[in-house]
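**Student:** To start, I am sharing the structure in question, which I have written as structure tokens.
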Amino acid sequence: MKFSADEIASVIQQEILQYESEIDVREVGTVLEVGDGIARVHGLTGVAAGEMVEFPGGIIGLAFNLEENSVGTIILGDYLKINEGDQVKALKQLLSVPVGKEVIGRVIDPLGNPLDGKGPINATKRRPVEVIAAGVAERQPVSEPLQTGIKAVDAMTPIGRGQRELIIGDRKTGKTAIAIDAIMNQKDSGVKCFYVAVGQKDSSVAGVIKILQESGALEYTTVIVSGASSPAPLQYIAPYSGTAMAEEFMWNGEHCLVVYDDLSKQAVAYRELSLLMRRPPGREAYPGDVFYCHSRLLERSVKLSKELGGGSITSLPIIETLEGEVSAYIPTNVISITDGQIYLQPDLFFKGVRPAMNAGISVSRVGGAAQVRAMRNVAGGLRLDLASFRELEAFAQLGTDLDAATQSKLDRGYRMVELLKQKQYKPLNVVDQVIVIYLGTNGFLDQVPVGDVQRWEAEFLSFLHDKRKDVWNLVNQHKADSAAMKGSHETVKAVRDAATEFNKSFKASS
Amino acid sequence: MTMDPKTELPTVFDSEQQHIGNVYAKALIGVGQARGKLESLLEELHSLVVDVLPKVQNLRSVLESPRISLPAKSAVLDKAFRAKASPEFLNFLKLLCHKHRFDCVDAIDRAAKKLFNEMRNRDEAVLITAFEVDDEIRQRVRQQLEKMLQKEVEVRSEVDEAIVGGFIVKVGDTVFDGSLVNQLQQVRRVAVEKTNLEIRKSIDRFVTP
């Protein structure tokens with residue numbers, strides 16, 4: 001393959017012929033000092049806060065601090081190429097990123113430049129990175145479910161489209177795994193996914209991308225990467241640019257899921273910028289507006305009203321705690337902003353309870369309204385039951401003799417804990433979830449030894465899909481009915497019959 | 001603000017010094033107004049910064065040095081300026097030495113000029129061309145700028161062969177760039193962009209198998 005120089009020359013010739021010279025009017029300043037991803041600029045008297053500026057070599061910056069004698073700018077690019085005394089040009093526009101279906105399936109940096117070697121992103125549209133979230137008149141309450149495919153989450157802390165559900169926990173407790181499972185489970189739901197990796201090791205991001213690719217989830221997912229080695233300004237804007245890309249779909253009536261992994265690192269990047277800009281440090285040295293930094297981001301997760309197409313952005317922000325300290329500054333901030341949290345605990349994780357969700361303090365404040373009706377009927381009391389089981393279990397460890405009622409409650413609890421365990425990257429359909437949770441809470445597993453519960457579940461589900469697809473279809477058909485899986489509804493009878501039939505053939509391992 | 005080429009040192013610009021300069025400049029202008037000789041005071045200051053200090057290197061180091069006592073500095077100032085400078089200006093210089101702010105004298109000059117221009121609704125512009133221009137062109141540029149900015153403009157011209165042709169006018173932070181070099185760069189940028197776009201649209205047109 002050879003490029004023909006003549007064709008290229010003809011295009012250039014045309015451009016020259018059509019070129020109209022105009023006097024280029026620009027506002028300029030001079031770099032006073034530069035370093036650590038920021039530059040102080042003298043001049044630029046008319047620049048607005050948040051306006052883009054251009055350094056020599058096309059490096060873009062943002063006006064961040066407007067001071068009496070200088071302008072503090074954050075540099076979105078290689079600041080080592082900028083020198084003292086360089087001329088800075090105000091661009092009279094706000095920072096924007098390419099949006100549209102062209103970004104789907106790509107791995108990009110927060111400015112929309114490709115990182116996956118699949119060529120340029122030919123998007124025709126751009127959206128500003130920072131926008132004010134939709135107002136009250138443009139919204140409606142959360143009403144549709146967003147299935148994560150994780151039994152514990154969908155049953156106990158259901159997530160609705162347009163909700164912000166925080167995933168919080170220490171390092172290595174499976175926070176990212178929950179988010180990745182949720183992305184994988186959107187395969188046939190038409191939900192576009194955005195995974196924003198902030199301040200993470202590039203090796204772990206590469207791992208996530210590989211899994212998404214292998215499971216086919218990258219086809220509807222955009223990965224926005226600003227790794228641990230990128231300068232703080234890029235880490236700071238990454239969540240906003242990911243949201244801007246999702247907003248394009250939301251305003252076109254589509255649904256999006258955005259994962260911010262993780263916001264504690266973004267807060268650290270913002271703290272770095274603020275301290276370099278000499279903004280006064282507050283608690284834990286974070287600047288005073290770090291709350292606004294997160295609240296204005298998460299406010300952009302919206303369920304739009306019907307008139308505006310009913311699109312939505314659901315977000316799963318992730319916060320990493322240190323030694324389970326949820327009362328630190330950033331965790332309390334984000335807990336208070338979001339509509340609930342999934343709290344992951346290391347001790348549960350090491351006991352083998354995975355996902356290591358603490359049912360007692362994990363909540364979803366709005367998701368219940370959006371939960372599938374059949375699931376709500378089945379799992380209504382599950383969260384409280386499980387929390388009371390944990391208390392009882394601690395009490396039983398004292399070795400006291402227990403009466404039969406307490407003992408059976410404990411046995412049921414052990415089996416429910418087993419049933420809620422789920423392997424990574426194995427999201428489960430909501431109908432499967434409803435049926436097994438119904439059977440677990442209604443004593444169909446009481447005769448199964450605790451160690452066999454997971455095998456029972458796997459074998460029962462394959463039995464259901466292979467031999468009793470009619471039952472599965474019936475539940476699927478009625479899952480939105482308010483009476484489904486409750487009382488003497490026809491679904492209840494069908495499921496009970498199927499389980500009884502299966503239990504006859506199930507052999508416990510000795 | 002446009003700085004005099006002789007005092008312009010953009011790479012050592014110190015915004016803190018400029019801040020102090022603003023304060024002293026304001027005070028100096030206040031004195032000038034009270035005594036009714038504002039312009040002559042500012043002229044004296046400017047000629048000190050432009051004509052005297054660069055030529056007499058030692059004077060600056062003596063006046064800035066913290067090791068030389070104030071009476072000694074006063075004596076130097078008296079000897080050097082008593083005959084020519086006005087008493088107010090001499091006092092001002094002594095005050096600068098007293099407050100250890102003589103290093104800010106350039107910043108004070110810049111700030112005073114700027115404040116004075118603002119008071120008179122005046123601005124300074126620099127006209128940069130590739131060749132020397134005559135007064136007539138300068139006057140035309142001045143008239144155009146005055147019409148556009150609605151204020152009196154003082155045009156200074158400079159020659160910079162690097163711009164090849166055309167001209168550049170700088171007023172404050174705004175640059176009106178009609179230089180040939182800038183236009184060539186823009187043509188280049190647009191051409192590269194367009195070619196890129198065309199290649200992306202239909203690669204076949206540009207490729208010979």
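Computed from the coordinates by the stated procedures, all read-outs in this text should not be read as laboratory data. Since we're looking at a predicted model, the values are computed, not measured. Here the Cβ is made from the backbone with ideal geometry for all residues, glycine too, and neighbour counts use every protein chain on show.
**Student:** Using all alpha carbons of chain A, what is the percent of pairwise distances in each 20 Å bin, ordered from the shortest bin to the longest?
**Tutor:** Percent of Cα pairs in each bin: 21, 47, 24, 8, 1.
**Student:** Mind putting together the pair-distance distribution for region A:192-318? All Cα pairs, 10 Å bins, whole percent per bin, short to long.
**Tutor:** Per 10 Å bin, starting at 0, the Cα pair percentages come out as 13, 39, 31, 14, 2.
**Student:** Which of B:Q185, B:Q143, B:Q17 moves the most in a Gaussian network model of chain B with Cα springs under 10 Å?
**Tutor:** Highest fluctuation among the options: B:Q185.
**Student:** Any idea what angle helix A:404-420 forms with the longest principal axis of chain A, computed on alpha-carbon atoms, 0 to 90 degrees, nearest 10?
**Tutor:** 40 degrees
**Student:** In addition: Would you please state which residues of region B:166-200 a label at A:Y19 would reach in this model, taking the label point 7 Å out along Cα→Cβ and a backbone N cut-off of under 18 Å?
**Tutor:** B:166-168, B:177-198
**Student:** Let me ask something else. Rounded to whole Hz and in sequence order, give me ³J(HN,Hα) for region A:302-309 from the Karplus expression 6.51 cos²θ - 1.76 cosθ + 1.60, θ = phi - 60°, writing x for Gly and Pro.
**Tutor:** Here the 3J(HN,Hα) series is 9, 9, 6, 5, 4, 4, 9, x Hz.
**Student:** Still on this model: For B:V164, put the label point 7 Å out on the Cα→Cβ axis and report which residues of region A:19-52 keep their amide N under 12 Å from it.
**Tutor:** Those under the cut-off are none; the list is empty.
**Student:** So, one more: Residues with amide H under 5 Å of A:I167's amide H, sequence separation 5 or more or different chain, H placed in the peptide plane at 1.01 Å from N; which?
**Tutor:** The answer is A:I318, A:I319, A:I342.
**Student:** Summing -39500 (n - 2.57) over the DSSP H runs of n ≥ 4 in the protein assembly as shown and dividing by its residue number, what mean residue ellipticity at 222 nm do you reach, to the nearest 500 deg cm²/dmol?
**Tutor:** -13500 deg cm²/dmol
**Student:** If you stretched the chain out fully between A:F506 and A:K423, how much longer would it get, using 0.36 nm times the residue separation minus the C-alpha to C-alpha distance?
**Tutor:** In short, 27.7 nm is gained.
**Student:** Suppose each label sits 7 Å from its Cα in the direction of the beta carbon; what would the B:S40-A:V326 distance come out to in nanometres?
**Tutor:** Once both label points are built, they end up 7.9 nm from each other.
**Student:** Let me ask something else. Under 16 Å between alpha carbons, and skipping anything fewer than 8 positions from B:K147 in its own chain: which aspartates and glutamates qualify?
**Tutor:** B:D123, B:E124
**Student:** Suppose we keep just the DSSP beta bridges with both residues in chain A; what percent of those would be antiparallel, to 5? Can you show the working numbers first?
**Tutor:** Numbers: 37 of 65 bridges.
Antiparallel: roughly 55 percent of the beta bridges in chain A.
**Student:** A follow-up question, please. Relative contact order, percent, of chain A when contacts are C-alpha pairs under 8 Å separated by at least 6 residues? Spell out each step's value before the answer.
**Tutor:** On the way: 974 pairs, mean separation 75.9, N = 510.
Contact order relative to length: 15 percent.
**Student:** While we're here: Name all residues of region B:149-167 having a backbone nitrogen under 12 Å from the label point set 7 Å from the Cα of B:V50 along its Cα→Cβ direction, giving them as ranges.
**Tutor:** Inside the label zone: B:156-157.
**Student:** Averaging sequence separations of C-alpha pairs under 8 Å and six or more residues apart, then dividing by the length of region B:1-131, give the relative contact order as a whole percent. Each step should come with its number before you reach the end.
**Tutor:** Working: 90 pairs, mean separation 57.2, N = 131.
Computed over region B:1-131, the figure is 44 percent.
**Student:** Taking amide H positions as placed in the peptide plane 1.01 Å from N, state which residues far from B:T174 in sequence (5 or more) or on other chains have amide H under 5 Å from it.
**Tutor:** For B:T174, whose amide H was placed from the backbone, the distant partners under 5 Å are A:V28.
**Student:** Next question. Starting from the Cα of A:K187, draw a straight line to each of the aspartates and glutamates and keep only those under 15 Å, dropping any in the same chain fewer than 8 residues away.
**Tutor:** Partners within reach: A:E214, A:E219, A:E254.
**Student:** On full extension of the chain, what length is gained from A:E138 through A:K101, given 0.36 nm per residue of separation minus the C-alpha to C-alpha distance? Don't skip to the answer; put the middle values down first.
**Tutor:** Working: separation 37, 0.36 × 37 = 13.32 nm, distance 2.40 nm.
Extra length available between A:E138 and A:K101 comes to 10.9 nm.
**Student:** Same structure again: Describe numerically, in nm with one decimal, the distance between label points set 7 Å from Cα along Cα→Cβ at A:R171 and at A:R279.
**Tutor:** Those two pseudo-labels are separated by 2.7 nm.
**Student:** Sticking with this structure for a sec: How shielded is B:194-203 by partner chains, expressed as the average number of their Cβ atoms within 10 Å of its Cβ atoms? Write down the numbers at each step before the final one.
**Tutor:** Values: counts 5, 8, 2, 2, 7, 4, 3, 1, 0, 2.
The mean count of partner-chain Cβ atoms within 10 Å per residue comes to 3.
**Student:** Calculate the spin-label point distance for A:R26 paired with A:E67, positioning each point 7 Å from the Cα along the beta-carbon direction, and give it in nanometres.
**Tutor:** Each label point lies 7 Å from its Cα, and together they span 2.5 nm.
**Student:** Same structure again: Give a quick list of chymotrypsin sites (Phe, Trp or Tyr not before Pro) in region A:294-387 that DSSP marks as loop, anything other than H, G, I, E or B, with at most 14 other Cβ atoms within 10 Å. Each step should come with its number before you reach the end.
**Tutor:** Working: sites: A:Y329, A:Y343, A:F349, A:F350; in loops: none.
Answer in residue order: no site qualifies.
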